[in-house]
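Just so you know, all these numbers are worked out from the coordinates, no wet-lab data involved. Just so it is clear, the structure is predicted and the values come from calculations on it, not from any experiment. When we count neighbours, we look across all protein chains shown, and the Cβ atoms used for this are built from the backbone with ideal geometry, even at glycine.
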Amino acid sequence: MRLRFLKTQERDLESLVQLWNDGEVMKYVGFPQGLDYNMEKAAHWLENINQKENTMHYSIYDKETFLGELFYTYKDGEKAIVDIKLMPGARGKNVGFQGFCFLLDQLFKNTLAEIVTVDPHKDNLKAIRLYEKCGFQYIDILLYEKQVHKVFDLKREQWQNRRIQAIHFVDINRDNYRNVFNLKVSSNQEGYIASNVFSLAQYAFEPEFVPKAIYSDDTPVGFIMWCNKDEDDGLVWIYRLMIDQRYQGLGYGKEAMKQALVHLKSISKEKKIRISFEPENTVARTLYSSMGFVTTGIIDGGEEIYELYF
């Protein structure tokens with residue numbers, strides 16, 4: 001399964017109307033017969049969504065198959081509100097967890113929200129299990145139109161700590177290589193680092209390289225590639241480190257570096273690790289300097305070489 005979470009556009013409305021008119025999908029939000037939406041209503045809804053600040057709606061796809069929706073909205077000084085709905089055929093396949101992780105990452109990356117709240121119907125046990133798996137904590141009971149709902153909250157700090165603790169490396173294989181290919185930096189960073197497609201092609205001809213996908217839980221968030229012994233200087237090198245533009249600024253790159261360094265220190269006989277970057281890449285310079293790397297004064301291929309001694 002290759003999940004994609006795309007900002008909702010007009011092309012998605014027909015599938016969303018089908019989702020919203022499904023009584024089985026909508027029963028726990030008080031519409032057991034569905035919403036009785038049509039394309040005109042959906043187009044008006046999308047226009048309103050696009051005009052709201054700190055609000056985002058995503059459509060979930062597996063390749064070209066529509067699976068459901070994700071939504072967040074936030075007003076200054078209030079708790080953020082999030083929602084997820086899945087087509088019946090998408091359930092039980094880990095789509096909800098992966099989608100909700102993506103949604104919470106985007107909420108806390110793109111807004112100032114400190115707390116996010118959900119209020120599932122007491123009988124919606126699948127939703128409750130999902131929220132608890134993500135770290136939401138039970139707060140209170142809410143009575144809405146004579147129906148009992150449970151209120152759960154999640155704090156920004158709790159979520160971000162949980163996601164950083166879930167960072168780990170995964171071998172790249174035929175099941176996940178496309179996910180790695182699809183990880184991209186922002187357009188203004190593209191000149192600073194080779195694409196993941198190029199890096200994996202390089203690995204195919206230089207087997208001393210060690211490429212890994214960076215995951216948080218089940219979410220591919222980045223890519224790293226190191227070398228246990230460089231053919232020119234015999235040293236341990238980190239050749240690539242990238243975090244997808246959607247997940248930057250959340251601490252994932254720094255945690256990935258920490259974990260890589262634990263391993264690389266254990267295999268470096270010279271007690272020295274090297275890394276290089278474009279001189280204009282101030283983000284990389286700041287990250288590597290914060291972890292103890294210092295300049296060697298060497299420029300090779302237009303890149304500055306930094307070293308970590310230990």
### Message
Please enumerate, by chain and number, the aspartates and glutamates with C-alpha under 13 Å from the C-alpha of Lys272, excluding those fewer than 8 residues away in the same chain.
### Response
Asp230, Asp233, Glu307
### Query
Of Gly135, Val17, Ile49, which is farthest on the positive side of the dipole of the chain, counting Cα position, with +1 on Lys and Arg Cβ, -1 on Asp and Glu Cβ, and the Cα centre as origin?
Gly135
### Message
For segment 259-295, which trypsin sites (Lys or Arg not before Pro) pass both filters: DSSP loop (anything but H, G, I, E, B) and at most 16 other C-beta atoms within 10 Å?
### Response
Lys269, Lys271
### Query
Taking the DSSP beta bridges in segment 3-164 as the whole, what percent of them are antiparallel, to the nearest 5?
95
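Give a quick list of GluC sites (Glu not before Pro) in segment 249-310 that DSSP marks as loop, anything other than H, G, I, E or B, with at most 15 other Cβ atoms within 10 Å.
On the way: sites: Glu255, Glu270, Glu280, Glu303, Glu304, Glu307; in loops: Glu270, Glu280.
The qualifying sites are Glu270, Glu280.
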#### Entry: (i) 22.4, 73; (ii) 17.8, 55; (iii) 19.9, 60, with the label sought being that of the calculated Rg and Dmax of the Cα atoms in Å
(i)
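Tell me the mean residue ellipticity at 222 nm calculated for the chain from its helices only (DSSP H runs of n ≥ 4, each -39500 (n - 2.57), averaged over every residue, nearest 500). Don't jump to the answer; show the numbers that get you there.
Values: 10 runs with 100 residues, N = 310.
Calculated at 222 nm, the ellipticity per residue is -9500 deg cm²/dmol.
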### Summary
Ordered by number, the GluC sites (Glu not before Pro) in segment 26-69 that occupy a DSSP loop and have at most 15 other Cβ atoms within 10 Å are Glu53, Glu64
### Residue among Ile84, Leu183, Leu112 farthest towards the positive dipole end of the chain, charges placed on Cβ
Ile84
### Message
Viscosity 0.692 mPa s, temperature 37 °C: what is the translational diffusion coefficient of segment 172-310 from Stokes-Einstein with a Kirkwood Rh over Cα pairs, rounded to a whole number of µm²/s?
### Response
214
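Using unit Cβ charges (K, R positive; D, E negative) and no other charged atoms, how large, in debye to the nearest 20, is the dipole of the chain about its Cα centre?
On the way: 39 positive and 44 negative charges, 174 e Å.
Using Cβ point charges on Lys, Arg, Asp and Glu, the chain gives about 840 debye.
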